[in-house]
Amino acid sequence: MEYGKVRVKSNYKLSDGVFILSAEGAELPKQAGQFYMLKASDFSEPFLPRPISVFDVRDGCVDFLIEVVGKGTQALMSLKAGDELEMFGALGNGFPDEKRDAVLIGGGTGCAPLLYLAKTLGKRKTIYLGFNQRDAVSDYLLERFDGICDKVVVIYGGFVTEDVIYSEDAVYYACGREAMMKVLKQKADDFGTKMYLSYGNRMACGVGACVCCVVKTVDGNKRACKEGPVFDSRLLV
Amino acid sequence: MNVLETTFAGVKLKNPVITASGTFGFGEEYNELYDVGSLGAITGKGLTLLSSEGNDGVRVWETPSGMLNSVGLQNIGVRKFVEQSHKMRRFGTVVIANLGGHSTEEYLEAAEILNAADIDILELNVSCPNIKSGGMQFGANPELLYKLTAEVKEITRFPMIVKLTPNARNIVEAAQAAESAGAEGVSLVNTFLGMAIDTESRKAVFDNVYAGLSGAAIMPIALRMVHQVAKAVKIDVLGMGGICTTNDALQFIMAGAKAVAVGSACFANPTAPLQIIEGLNDYCAKHGLKNIGEIRGIV
(Lines give C-alpha, C1' and ligand atoms only; values in the text may rest on other atoms or scores of the structure.)
Protein backbone atom coordinates (compact mmCIF):
# COMPACT_ATOMS: atom_id res chain seq x y z
CA MET A 1 0.00 0.00 0.00
CA GLU A 2 1.04 3.57 -0.64
CA TYR A 3 -0.23 6.93 0.55
CA GLY A 4 0.32 10.18 -1.24
CA LYS A 5 -0.84 12.78 -3.67
CA VAL A 6 -1.43 11.67 -7.23
CA ARG A 7 -2.79 13.43 -10.30
CA VAL A 8 -6.27 13.26 -11.71
CA LYS A 9 -5.85 12.10 -15.29
CA SER A 10 -9.48 12.67 -16.18
CA ASN A 11 -12.86 13.02 -14.54
CA TYR A 12 -15.68 12.07 -16.84
CA LYS A 13 -19.30 12.72 -15.91
CA LEU A 14 -21.69 9.97 -17.00
CA SER A 15 -24.67 11.83 -15.52
CA ASP A 16 -25.40 14.51 -12.90
CA GLY A 17 -24.40 12.22 -10.07
CA VAL A 18 -22.19 9.51 -11.56
CA PHE A 19 -18.64 9.95 -12.81
CA ILE A 20 -15.46 8.09 -13.65
CA LEU A 21 -12.38 9.42 -11.91
CA SER A 22 -9.07 8.29 -13.36
CA ALA A 23 -5.93 8.62 -11.21
CA GLU A 24 -2.39 8.47 -12.49
CA GLY A 25 0.79 7.71 -10.55
CA ALA A 26 -0.67 5.47 -7.86
CA GLU A 27 0.32 1.95 -6.88
CA LEU A 28 -1.79 -0.42 -9.00
CA PRO A 29 -4.10 -2.95 -7.33
CA LYS A 30 -2.92 -6.54 -6.94
CA GLN A 31 -6.40 -7.95 -7.24
CA ALA A 32 -9.84 -6.97 -8.49
CA GLY A 33 -12.14 -6.00 -5.63
CA GLN A 34 -9.48 -4.02 -3.77
CA PHE A 35 -10.18 -0.39 -2.91
CA TYR A 36 -8.48 2.92 -2.21
CA MET A 37 -9.23 5.66 0.29
CA LEU A 38 -9.76 8.79 -1.79
CA LYS A 39 -9.87 12.40 -0.69
CA ALA A 40 -9.75 15.69 -2.53
CA SER A 41 -7.29 17.22 0.00
CA ASP A 42 -5.92 16.21 3.40
CA PHE A 43 -7.34 18.09 6.44
CA SER A 44 -9.94 20.27 4.79
CA GLU A 45 -13.56 19.28 4.29
CA PRO A 46 -14.59 16.54 4.20
CA PHE A 47 -12.43 15.23 7.04
CA LEU A 48 -12.46 11.54 6.15
CA PRO A 49 -11.41 9.93 2.89
CA ARG A 50 -13.91 7.71 1.07
CA PRO A 51 -13.38 4.02 0.31
CA ILE A 52 -13.84 3.48 -3.43
CA SER A 53 -13.27 0.16 -5.18
CA VAL A 54 -11.31 -0.23 -8.37
CA PHE A 55 -13.45 -0.03 -11.50
CA ASP A 56 -10.69 -0.50 -14.03
CA VAL A 57 -6.95 -0.30 -14.59
CA ARG A 58 -5.92 1.23 -17.91
CA ASP A 59 -2.62 2.64 -19.17
CA GLY A 60 -1.15 2.72 -15.67
CA CYS A 61 -4.16 4.63 -14.34
CA VAL A 62 -6.69 3.43 -11.78
CA ASP A 63 -10.30 4.24 -12.67
CA PHE A 64 -13.11 4.64 -10.15
CA LEU A 65 -16.81 4.60 -10.96
CA ILE A 66 -18.38 6.83 -8.32
CA GLU A 67 -21.93 7.82 -7.51
CA VAL A 68 -22.43 10.98 -5.47
CA VAL A 69 -24.00 10.16 -2.12
CA GLY A 70 -22.66 12.92 0.12
CA LYS A 71 -20.04 15.62 0.43
CA GLY A 72 -17.06 13.25 0.13
CA THR A 73 -18.12 11.94 -3.26
CA GLN A 74 -19.32 15.43 -4.23
CA ALA A 75 -15.80 16.78 -3.60
CA LEU A 76 -14.33 14.00 -5.72
CA MET A 77 -16.73 14.84 -8.56
CA SER A 78 -15.53 18.44 -8.57
CA LEU A 79 -11.93 17.40 -9.29
CA LYS A 80 -10.55 18.26 -12.73
CA ALA A 81 -7.80 16.75 -14.86
CA GLY A 82 -4.46 17.79 -13.39
CA ASP A 83 -5.81 18.31 -9.85
CA GLU A 84 -4.19 16.61 -6.89
CA LEU A 85 -5.93 13.64 -5.29
CA GLU A 86 -5.03 12.06 -1.95
CA MET A 87 -4.89 8.33 -2.53
CA PHE A 88 -4.22 5.51 -0.05
CA GLY A 89 -4.08 1.94 -1.28
CA ALA A 90 -4.46 -0.55 -2.73
CA LEU A 91 -6.29 -1.88 0.33
CA GLY A 92 -8.22 -4.95 1.38
CA ASN A 93 -8.70 -8.42 -0.02
CA GLY A 94 -10.36 -8.63 -3.39
CA PHE A 95 -12.19 -11.40 -5.26
CA PRO A 96 -10.38 -14.76 -5.36
CA ASP A 97 -10.06 -16.20 -8.87
CA GLU A 98 -11.32 -19.76 -8.60
CA LYS A 99 -10.60 -20.56 -12.26
CA ARG A 100 -14.18 -21.66 -12.77
CA ASP A 101 -17.13 -20.34 -14.73
CA ALA A 102 -18.16 -17.11 -13.10
CA VAL A 103 -21.48 -15.37 -12.60
CA LEU A 104 -21.25 -11.70 -11.76
CA ILE A 105 -24.15 -9.77 -10.24
CA GLY A 106 -24.14 -6.00 -10.00
CA GLY A 107 -26.75 -3.66 -8.61
CA GLY A 108 -26.61 -0.19 -10.21
CA THR A 109 -23.26 1.55 -9.81
CA GLY A 110 -22.50 -1.15 -7.22
CA CYS A 111 -21.30 -3.16 -10.22
CA ALA A 112 -18.11 -1.02 -10.19
CA PRO A 113 -15.68 -3.65 -8.82
CA LEU A 114 -17.02 -6.26 -11.24
CA LEU A 115 -15.57 -4.68 -14.38
CA TYR A 116 -11.94 -5.11 -13.40
CA LEU A 117 -12.89 -8.52 -12.02
CA ALA A 118 -14.39 -9.54 -15.37
CA LYS A 119 -11.23 -8.33 -17.11
CA THR A 120 -8.95 -10.37 -14.86
CA LEU A 121 -10.95 -13.61 -14.53
CA GLY A 122 -9.91 -16.33 -16.95
CA LYS A 123 -13.05 -18.41 -17.44
CA ARG A 124 -16.51 -18.05 -19.01
CA LYS A 125 -18.31 -15.08 -17.51
CA THR A 126 -21.97 -14.16 -17.30
CA ILE A 127 -23.00 -10.87 -15.78
CA TYR A 128 -26.41 -9.82 -14.48
CA LEU A 129 -26.82 -6.07 -14.17
CA GLY A 130 -29.78 -4.49 -12.43
CA PHE A 131 -30.65 -0.82 -12.91
CA ASN A 132 -33.60 1.26 -11.75
CA GLN A 133 -34.07 2.53 -15.28
CA ARG A 134 -32.31 2.76 -18.59
CA ASP A 135 -30.17 5.90 -18.76
CA ALA A 136 -26.76 7.15 -19.83
CA VAL A 137 -25.07 5.36 -16.92
CA SER A 138 -26.65 1.98 -17.61
CA ASP A 139 -25.94 2.32 -21.35
CA TYR A 140 -22.30 3.10 -20.66
CA LEU A 141 -21.86 0.21 -18.22
CA LEU A 142 -23.63 -2.21 -20.51
CA GLU A 143 -21.26 -1.32 -23.31
CA ARG A 144 -18.20 -1.75 -21.08
CA PHE A 145 -19.29 -5.16 -19.79
CA ASP A 146 -20.43 -6.31 -23.24
CA GLY A 147 -16.91 -6.44 -24.55
CA ILE A 148 -15.57 -8.46 -21.63
CA CYS A 149 -18.28 -10.88 -20.53
CA ASP A 150 -19.54 -13.85 -22.54
CA LYS A 151 -23.13 -13.09 -21.67
CA VAL A 152 -24.73 -9.92 -20.35
CA VAL A 153 -28.22 -9.92 -18.84
CA VAL A 154 -29.70 -6.57 -17.95
CA ILE A 155 -32.79 -5.85 -15.88
CA TYR A 156 -34.40 -2.41 -15.59
CA GLY A 157 -36.56 -1.98 -12.50
CA GLY A 158 -37.44 -5.05 -10.46
CA PHE A 159 -34.97 -7.26 -8.67
CA VAL A 160 -31.93 -8.60 -10.48
CA THR A 161 -31.60 -11.32 -7.83
CA GLU A 162 -34.79 -12.97 -9.14
CA ASP A 163 -33.42 -13.36 -12.68
CA VAL A 164 -30.13 -14.97 -11.75
CA ILE A 165 -29.83 -18.72 -12.27
CA TYR A 166 -28.14 -20.11 -9.18
CA SER A 167 -26.07 -23.25 -9.58
CA GLU A 168 -23.32 -25.14 -7.81
CA ASP A 169 -21.25 -25.35 -11.00
CA ALA A 170 -20.14 -21.73 -11.09
CA VAL A 171 -18.69 -19.23 -8.65
CA TYR A 172 -20.70 -16.05 -8.03
CA TYR A 173 -19.38 -12.57 -7.39
CA ALA A 174 -21.63 -9.71 -6.40
CA CYS A 175 -21.74 -6.12 -5.28
CA GLY A 176 -24.65 -3.78 -4.72
CA ARG A 177 -26.84 -2.22 -2.09
CA GLU A 178 -27.30 -3.84 1.31
CA ALA A 179 -30.80 -5.13 0.53
CA MET A 180 -29.55 -6.90 -2.61
CA MET A 181 -26.62 -8.43 -0.76
CA LYS A 182 -28.94 -9.79 1.94
CA VAL A 183 -31.10 -11.52 -0.67
CA LEU A 184 -28.04 -12.92 -2.43
CA LYS A 185 -26.60 -14.30 0.79
CA GLN A 186 -29.92 -16.11 1.34
CA LYS A 187 -30.01 -17.41 -2.26
CA ALA A 188 -26.45 -18.69 -1.94
CA ASP A 189 -27.39 -20.54 1.26
CA ASP A 190 -30.58 -21.96 -0.30
CA PHE A 191 -28.95 -23.16 -3.52
CA GLY A 192 -25.59 -24.19 -2.06
CA THR A 193 -23.87 -21.67 -4.31
CA LYS A 194 -20.31 -20.45 -3.82
CA MET A 195 -20.63 -16.69 -3.64
CA TYR A 196 -18.36 -13.76 -2.87
CA LEU A 197 -19.94 -10.49 -1.78
CA SER A 198 -18.15 -7.13 -1.67
CA TYR A 199 -19.10 -4.70 1.11
CA GLY A 200 -18.71 -0.95 0.82
CA ASN A 201 -19.25 -0.13 4.49
CA ARG A 202 -18.54 3.28 6.02
CA MET A 203 -14.86 3.43 6.90
CA ALA A 204 -12.49 5.80 8.63
CA CYS A 205 -8.96 4.36 8.48
CA GLY A 206 -9.14 1.85 5.62
CA VAL A 207 -6.47 -0.40 7.15
CA GLY A 208 -8.14 -2.16 10.07
CA ALA A 209 -7.10 0.17 12.89
CA CYS A 210 -10.37 1.83 13.85
CA VAL A 211 -12.83 -1.09 13.50
CA CYS A 212 -15.59 1.20 12.25
CA CYS A 213 -16.52 -0.91 9.21
CA VAL A 214 -17.20 -4.32 10.70
CA VAL A 215 -19.31 -7.03 9.10
CA LYS A 216 -20.93 -9.72 11.26
CA THR A 217 -19.64 -13.20 10.49
CA VAL A 218 -19.83 -16.65 12.06
CA ASP A 219 -16.39 -15.91 13.56
CA GLY A 220 -17.49 -12.59 15.06
CA ASN A 221 -16.96 -9.12 13.65
CA LYS A 222 -14.62 -8.86 10.68
CA ARG A 223 -13.26 -5.61 9.26
CA ALA A 224 -14.59 -4.84 5.77
CA CYS A 225 -11.38 -2.90 5.07
CA LYS A 226 -8.93 -5.56 6.23
CA GLU A 227 -10.39 -9.08 6.07
CA GLY A 228 -12.79 -7.82 3.34
CA PRO A 229 -14.22 -5.99 1.53
CA VAL A 230 -14.93 -9.30 -0.21
CA PHE A 231 -16.39 -12.06 1.96
CA ASP A 232 -17.44 -15.64 1.25
CA SER A 233 -21.22 -15.55 1.77
CA ARG A 234 -21.10 -18.69 3.92
CA LEU A 235 -19.16 -16.78 6.60
CA LEU A 236 -21.74 -14.03 6.87
CA VAL A 237 -24.59 -13.98 9.35
CA MET B 1 20.01 15.25 24.15
CA ASN B 2 18.03 14.91 20.93
CA VAL B 3 15.89 18.01 20.28
CA LEU B 4 12.64 16.08 20.49
CA GLU B 5 13.58 13.71 23.30
CA THR B 6 11.06 13.93 26.11
CA THR B 7 10.48 12.10 29.37
CA PHE B 8 6.82 11.33 29.84
CA ALA B 9 5.40 9.64 32.95
CA GLY B 10 8.99 8.70 33.78
CA VAL B 11 9.55 6.97 30.44
CA LYS B 12 11.98 8.30 27.86
CA LEU B 13 10.40 9.03 24.46
CA LYS B 14 12.48 9.69 21.31
CA ASN B 15 9.94 12.36 20.43
CA PRO B 16 6.71 13.61 22.00
CA VAL B 17 4.39 12.34 19.25
CA ILE B 18 2.14 9.45 20.23
CA THR B 19 -0.81 7.81 18.53
CA ALA B 20 -4.13 8.01 20.34
CA SER B 21 -5.92 4.90 21.53
CA GLY B 22 -8.56 3.48 19.26
CA THR B 23 -7.23 5.09 16.13
CA PHE B 24 -4.13 2.98 15.57
CA GLY B 25 -5.12 -0.64 16.29
CA PHE B 26 -2.03 -2.20 17.87
CA GLY B 27 0.32 -0.60 15.36
CA GLU B 28 0.47 -3.55 12.96
CA GLU B 29 -1.76 -2.06 10.27
CA TYR B 30 0.07 1.24 9.91
CA ASN B 31 3.43 -0.50 10.15
CA GLU B 32 2.70 -1.81 6.65
CA LEU B 33 2.82 1.81 5.47
CA TYR B 34 5.73 3.16 7.52
CA ASP B 35 8.00 2.27 10.45
CA VAL B 36 5.82 2.96 13.49
CA GLY B 37 8.99 2.62 15.57
CA SER B 38 9.80 6.18 14.55
CA LEU B 39 6.91 7.46 16.69
CA GLY B 40 7.45 8.59 20.27
CA ALA B 41 5.05 5.94 21.53
CA ILE B 42 2.06 3.99 20.33
CA THR B 43 -1.13 3.49 22.28
CA GLY B 44 -3.09 0.31 21.62
CA LYS B 45 -6.82 -0.05 21.12
CA GLY B 46 -8.85 0.30 24.32
CA LEU B 47 -8.97 -2.99 26.23
CA THR B 48 -11.48 -4.41 28.67
CA LEU B 49 -11.33 -7.43 30.97
CA LEU B 50 -13.34 -9.58 28.57
CA SER B 51 -13.30 -9.38 24.79
CA SER B 52 -16.12 -7.37 23.26
CA GLU B 53 -17.75 -7.13 19.86
CA GLY B 54 -18.55 -3.46 20.41
CA ASN B 55 -21.65 -1.63 19.27
CA ASP B 56 -24.15 -2.56 16.55
CA GLY B 57 -25.22 -0.26 13.77
CA VAL B 58 -23.38 2.66 12.21
CA ARG B 59 -20.01 3.25 13.85
CA VAL B 60 -18.62 6.27 12.04
CA TRP B 61 -20.16 9.46 10.68
CA GLU B 62 -18.58 12.43 8.98
CA THR B 63 -19.22 15.80 10.68
CA PRO B 64 -17.97 19.31 9.88
CA SER B 65 -14.16 19.05 10.19
CA GLY B 66 -14.40 15.86 12.16
CA MET B 67 -16.22 12.65 12.83
CA LEU B 68 -18.44 10.87 15.31
CA ASN B 69 -17.65 7.30 16.31
CA SER B 70 -19.55 4.67 18.19
CA VAL B 71 -17.25 1.66 18.11
CA GLY B 72 -17.95 0.83 21.74
CA LEU B 73 -14.59 -0.65 22.75
CA GLN B 74 -14.62 -3.66 20.42
CA ASN B 75 -11.48 -5.44 21.60
CA ILE B 76 -9.74 -8.75 22.15
CA GLY B 77 -9.75 -8.58 25.96
CA VAL B 78 -6.73 -8.20 28.26
CA ARG B 79 -5.79 -11.89 28.36
CA LYS B 80 -5.35 -12.15 24.61
CA PHE B 81 -3.55 -8.81 24.60
CA VAL B 82 -1.04 -10.12 27.16
CA GLU B 83 -0.26 -13.03 24.82
CA GLN B 84 0.48 -10.69 21.93
CA SER B 85 1.90 -7.57 23.59
CA HIS B 86 5.40 -8.63 22.49
CA LYS B 87 4.29 -7.84 18.92
CA MET B 88 3.92 -4.16 19.83
CA ARG B 89 7.29 -4.23 21.57
CA ARG B 90 8.91 -5.38 18.29
CA PHE B 91 8.24 -1.99 16.69
CA GLY B 92 11.00 -0.52 18.87
CA THR B 93 9.15 2.28 20.56
CA VAL B 94 7.36 2.95 23.83
CA VAL B 95 4.13 0.97 24.23
CA ILE B 96 1.06 2.27 26.03
CA ALA B 97 -1.90 0.01 26.82
CA ASN B 98 -5.31 1.60 27.26
CA LEU B 99 -7.66 0.00 29.76
CA GLY B 100 -11.38 0.67 30.00
CA GLY B 101 -14.03 -0.98 32.11
CA HIS B 102 -17.61 -1.12 33.32
CA SER B 103 -17.01 -1.49 37.08
CA THR B 104 -14.23 -1.04 39.64
CA GLU B 105 -13.86 -4.82 40.03
CA GLU B 106 -13.46 -5.20 36.30
CA TYR B 107 -10.75 -2.51 36.09
CA LEU B 108 -8.84 -4.06 38.99
CA GLU B 109 -8.92 -7.61 37.67
CA ALA B 110 -7.88 -6.43 34.22
CA ALA B 111 -5.03 -4.29 35.62
CA GLU B 112 -3.76 -7.33 37.51
CA ILE B 113 -3.76 -9.42 34.33
CA LEU B 114 -2.09 -6.63 32.36
CA ASN B 115 0.87 -6.75 34.75
CA ALA B 116 2.02 -9.74 32.68
CA ALA B 117 2.07 -7.68 29.47
CA ASP B 118 5.20 -6.23 27.89
CA ILE B 119 4.22 -2.55 27.96
CA ASP B 120 5.69 0.67 29.33
CA ILE B 121 2.73 2.78 30.43
CA LEU B 122 -0.85 2.04 31.41
CA GLU B 123 -3.47 4.52 30.29
CA LEU B 124 -6.57 4.25 32.43
CA ASN B 125 -9.56 5.01 30.23
CA VAL B 126 -12.29 6.58 32.35
CA SER B 127 -13.68 8.51 29.44
CA CYS B 128 -15.14 6.24 26.76
CA PRO B 129 -18.55 7.72 25.87
CA ASN B 130 -19.63 4.69 23.85
CA ILE B 131 -20.22 2.00 26.44
CA LYS B 132 -23.48 1.67 28.31
CA SER B 133 -22.13 1.47 31.87
CA GLY B 134 -18.90 2.54 33.55
CA GLY B 135 -16.34 4.22 31.31
CA MET B 136 -17.10 7.91 31.23
CA GLN B 137 -19.11 7.79 34.48
CA PHE B 138 -15.83 7.31 36.37
CA GLY B 139 -14.22 10.21 34.56
CA ALA B 140 -17.14 12.57 35.07
CA ASN B 141 -17.10 12.30 38.87
CA PRO B 142 -13.85 13.35 40.65
CA GLU B 143 -14.56 11.24 43.77
CA LEU B 144 -15.14 8.06 41.75
CA LEU B 145 -12.13 8.88 39.61
CA TYR B 146 -9.89 9.38 42.65
CA LYS B 147 -10.96 6.08 44.17
CA LEU B 148 -10.58 4.08 40.97
CA THR B 149 -7.20 5.64 40.11
CA ALA B 150 -5.84 4.97 43.59
CA GLU B 151 -7.01 1.36 43.54
CA VAL B 152 -5.64 0.59 40.06
CA LYS B 153 -2.40 2.36 41.00
CA GLU B 154 -2.04 -0.07 43.92
CA ILE B 155 -2.20 -3.00 41.54
CA THR B 156 -0.40 -1.96 38.38
CA ARG B 157 3.35 -2.26 38.05
CA PHE B 158 3.46 0.35 35.27
CA PRO B 159 3.59 4.13 35.31
CA MET B 160 -0.02 5.16 34.92
CA ILE B 161 -1.78 8.01 33.18
CA VAL B 162 -5.49 8.72 33.34
CA LYS B 163 -7.38 9.58 30.15
CA LEU B 164 -9.91 12.28 30.94
CA THR B 165 -13.24 13.08 29.40
CA PRO B 166 -14.14 16.59 28.27
CA ASN B 167 -17.70 15.68 29.25
CA ALA B 168 -16.81 15.95 32.96
CA ARG B 169 -18.40 18.90 34.77
CA ASN B 170 -14.92 20.18 35.55
CA ILE B 171 -11.96 18.58 33.81
CA VAL B 172 -9.46 20.41 36.06
CA GLU B 173 -10.97 18.77 39.14
CA ALA B 174 -10.80 15.42 37.38
CA ALA B 175 -7.11 15.95 36.59
CA GLN B 176 -6.41 16.98 40.18
CA ALA B 177 -8.21 13.87 41.44
CA ALA B 178 -5.99 11.71 39.21
CA GLU B 179 -2.90 13.55 40.49
CA SER B 180 -3.86 13.15 44.15
CA ALA B 181 -4.53 9.45 43.57
CA GLY B 182 -0.95 8.97 42.40
CA ALA B 183 -1.16 8.94 38.60
CA GLU B 184 2.06 9.89 36.81
CA GLY B 185 0.15 11.81 34.18
CA VAL B 186 -3.15 12.65 32.56
CA SER B 187 -4.14 12.47 28.91
CA LEU B 188 -6.85 14.68 27.52
CA VAL B 189 -9.20 14.94 25.87
CA ASN B 190 -11.19 11.89 24.88
CA THR B 191 -14.09 12.52 22.49
CA PHE B 192 -16.93 14.94 23.10
CA LEU B 193 -20.38 13.45 23.38
CA GLY B 194 -22.24 14.29 20.20
CA MET B 195 -25.12 13.17 18.05
CA ALA B 196 -26.33 12.89 14.47
CA ILE B 197 -29.83 12.40 13.11
CA ASP B 198 -30.72 10.89 9.75
CA THR B 199 -33.40 13.27 8.51
CA GLU B 200 -34.78 10.79 5.95
CA SER B 201 -35.38 7.96 8.41
CA ARG B 202 -36.04 10.53 11.21
CA LYS B 203 -33.94 8.45 13.57
CA ALA B 204 -30.66 8.85 15.43
CA VAL B 205 -27.79 7.67 13.21
CA PHE B 206 -26.23 5.63 16.01
CA ASP B 207 -27.87 2.72 17.83
CA ASN B 208 -26.52 4.26 21.07
CA VAL B 209 -28.00 7.63 20.00
CA TYR B 210 -24.95 9.57 21.27
CA ALA B 211 -21.42 9.11 20.00
CA GLY B 212 -17.91 10.54 20.40
CA LEU B 213 -16.86 13.60 18.39
CA SER B 214 -13.23 13.92 17.33
CA GLY B 215 -11.14 15.54 14.62
CA ALA B 216 -10.08 19.08 13.79
CA ALA B 217 -13.44 20.46 14.97
CA ILE B 218 -12.64 19.85 18.65
CA MET B 219 -9.04 21.15 18.62
CA PRO B 220 -9.57 24.65 20.10
CA ILE B 221 -11.70 23.30 22.98
CA ALA B 222 -9.24 20.50 23.69
CA LEU B 223 -6.41 23.04 23.64
CA ARG B 224 -8.19 25.24 26.17
CA MET B 225 -8.75 22.25 28.46
CA VAL B 226 -5.11 21.15 28.20
CA HIS B 227 -4.06 24.71 29.05
CA GLN B 228 -6.30 24.80 32.12
CA VAL B 229 -5.22 21.36 33.33
CA ALA B 230 -1.50 21.93 32.72
CA LYS B 231 -1.67 25.06 34.87
CA ALA B 232 -3.41 23.17 37.67
CA VAL B 233 -1.38 19.96 38.01
CA LYS B 234 2.30 19.09 38.36
CA ILE B 235 2.09 15.67 36.70
CA ASP B 236 2.73 15.19 32.98
CA VAL B 237 0.03 16.09 30.49
CA LEU B 238 -0.51 14.23 27.22
CA GLY B 239 -2.42 16.64 25.01
CA MET B 240 -4.81 15.40 22.37
CA GLY B 241 -8.00 16.35 20.60
CA GLY B 242 -8.09 17.18 16.92
CA ILE B 243 -4.33 17.52 16.41
CA CYS B 244 -3.74 17.33 12.65
CA THR B 245 -0.68 19.47 11.92
CA THR B 246 2.67 20.53 13.38
CA ASN B 247 1.15 23.86 14.27
CA ASP B 248 -1.61 22.13 16.24
CA ALA B 249 0.97 20.05 18.12
CA LEU B 250 3.08 23.13 18.89
CA GLN B 251 0.04 24.89 20.31
CA PHE B 252 -0.65 21.97 22.67
CA ILE B 253 2.98 21.96 23.81
CA MET B 254 2.93 25.72 24.38
CA ALA B 255 -0.28 25.20 26.35
CA GLY B 256 1.63 22.84 28.63
CA ALA B 257 1.46 19.35 27.11
CA LYS B 258 4.60 17.27 27.60
CA ALA B 259 3.62 15.01 24.73
CA VAL B 260 0.87 15.06 22.12
CA ALA B 261 -1.31 12.33 20.67
CA VAL B 262 -2.58 12.16 17.11
CA GLY B 263 -5.88 10.37 16.64
CA SER B 264 -8.50 10.89 13.96
CA ALA B 265 -5.97 12.81 11.86
CA CYS B 266 -4.45 9.43 10.94
CA PHE B 267 -7.68 8.67 9.08
CA ALA B 268 -7.53 11.93 7.15
CA ASN B 269 -3.82 11.43 6.47
CA PRO B 270 -2.21 8.19 7.67
CA THR B 271 1.23 9.82 7.72
CA ALA B 272 0.10 12.74 9.94
CA PRO B 273 2.20 11.68 13.00
CA LEU B 274 5.34 11.45 10.85
CA GLN B 275 4.72 14.86 9.32
CA ILE B 276 4.29 16.33 12.80
CA ILE B 277 7.59 14.83 14.02
CA GLU B 278 9.35 16.26 10.99
CA GLY B 279 7.62 19.60 11.51
CA LEU B 280 8.62 19.76 15.19
CA ASN B 281 12.24 19.08 14.23
CA ASP B 282 12.09 21.88 11.66
CA TYR B 283 10.54 24.27 14.17
CA CYS B 284 13.27 23.57 16.74
CA ALA B 285 15.96 24.12 14.12
CA LYS B 286 14.39 27.32 12.84
CA HIS B 287 13.93 28.79 16.32
CA GLY B 288 17.25 27.59 17.74
CA LEU B 289 15.71 25.34 20.40
CA LYS B 290 17.98 22.75 21.98
CA ASN B 291 14.95 20.81 23.13
CA ILE B 292 11.25 21.04 22.42
CA GLY B 293 10.69 21.27 26.19
CA GLU B 294 11.90 24.90 26.09
CA ILE B 295 8.55 26.04 24.73
CA ARG B 296 6.41 23.84 26.95
CA GLY B 297 3.74 25.78 28.82
CA ILE B 298 5.07 29.17 27.75
CA VAL B 299 1.57 30.46 27.11
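The values are calculated or read from the model by the stated rules, or taken from the named source; none is laboratory data. Keep in mind the model is a prediction, meaning the values are calculated, not measured. Heads up, the Cβs are rebuilt from the backbone with ideal geometry, glycines too, and the neighbour counts pull from every protein chain shown. Areas reflect the complete protein model, heavy atoms only, side chains present, ligands, DNA and RNA absent. Shrake-Rupley method; radii C 1.70, N 1.55, O 1.52, S 1.80 Å.
Here is the list for the stretch B:213-299: trypsin sites (Lys or Arg not before Pro) lying in DSSP coil, each with at most 10 other C-beta atoms within 10 angstrom of its C-beta, are B:LYS234, B:LYS290. If R0 equals 60 Å, the separation of the Cβ atoms of B:ILE295 and A:GLN186 corresponds to a calculated FRET efficiency of about 0.45.
For the protein assembly as shown, what does -39500 (n - 2.57) per DSSP helix run (n ≥ 4), summed and divided by total residues, give at 222 nm, in deg cm²/dmol to the nearest 500?
Working: 14 runs with 139 residues, N = 536.
Mean residue ellipticity, 222 nm, calculated: -7500 deg cm²/dmol.
Kindly identify chain B as rounded, prolate or oblate by the Cα gyration tensor criterion: order the square roots of the eigenvalues as a ≥ b ≥ c, call it rounded if a/c is under 1.5, otherwise compare a/b with b/c, prolate if a/b is larger, else oblate. Before the final figure, lay out each step's value.
Working: a/c = 1.33, a/b = 1.18, b/c = 1.13.
Cα axes put chain B in the rounded bin.
Rounded to the nearest 5, what is the percent of antiparallel bridges among the DSSP beta bridges in the stretch B:150-268?
Working: 6 of 16 bridges.
That works out to approximately 40 percent antiparallel.
Rounded, prolate or oblate: which one fits the stretch A:95-195, using the alpha carbon gyration tensor with axes a ≥ b ≥ c (rounded when a/c is under 1.5, else prolate when a/b beats b/c, else oblate)? It comes out oblate by the Cα gyration axes. When the solvent-accessible area of chain B is split by element, carbon and sulfur atoms take up 51 percent of it, the probe being 1.4 Å. Judged by the gyration tensor of its Cα atoms, with axes a ≥ b ≥ c, the stretch A:2-91 is rounded; a/c sits under the 1.5 cut. The trypsin sites (Lys or Arg not before Pro) of the stretch B:29-121 meeting both criteria, a DSSP state outside H, G, I, E and B (loop) and at most 15 other C-beta atoms within 10 angstrom of the site's C-beta, are B:ARG90.
Consider all pairwise Cα distances in chain A and report the whole-number % of them above 32 Å.
Of all Cα-Cα pairs in chain A, 15 percent lie more than 32 Å apart.
Buried accessible surface for the B/A chain pair comes to about 2700 Å², total over both chains, computed with a 1.4 Å probe.
The spread of Cα positions in the protein assembly as shown, taken along each principal axis and listed from longest to shortest, comes to 73, 50, 44 Å.
For the stretch A:1-149, relative contact order (Cα pairs under 8 Å, six or more residues apart, normalised by length) works out to 28 percent. Springs between alpha-carbon pairs under 10 angstrom, Gaussian network model over chain A: which of A:VAL218, A:VAL152, A:VAL137 fluctuates most? Comparing A:VAL218, A:VAL152, A:VAL137 in the GNM, the peak value goes to A:VAL218. How large is log10 I(q)/I(0) at q = 0.24 Å⁻¹ when the Debye formula is applied to the Cα atoms of the stretch B:1-50, each weighted equally and without solvent? Treating every Cα as an identical point scatterer, log10 I(q)/I(0) equals -0.92.
In summary, the lysines within cross-link reach of B:LYS234, defined as a Cα separation below 21 angstrom excluding same-chain residues under 8 places away, comprise B:LYS12, B:LYS147, B:LYS153, B:LYS163, B:LYS258. For the stretch A:95-195, relative contact order (Cα pairs under 8 Å, six or more residues apart, normalised by length) works out to 34 percent. In this simple spin-label model, placing a label point 7 Å from the Cα along the Cα-to-Cβ direction at both B:TYR34 and B:ALA204 gives a separation of 3.7 nm. Between the beta carbons of A:GLU24 and B:LYS231, assuming R0 = 45 Å, the FRET efficiency works out to 0.30 to the nearest 0.05. With contacts taken as Cα pairs under 8 Å at a separation of at least 6 residues, chain B carries a relative contact order of 19 percent.
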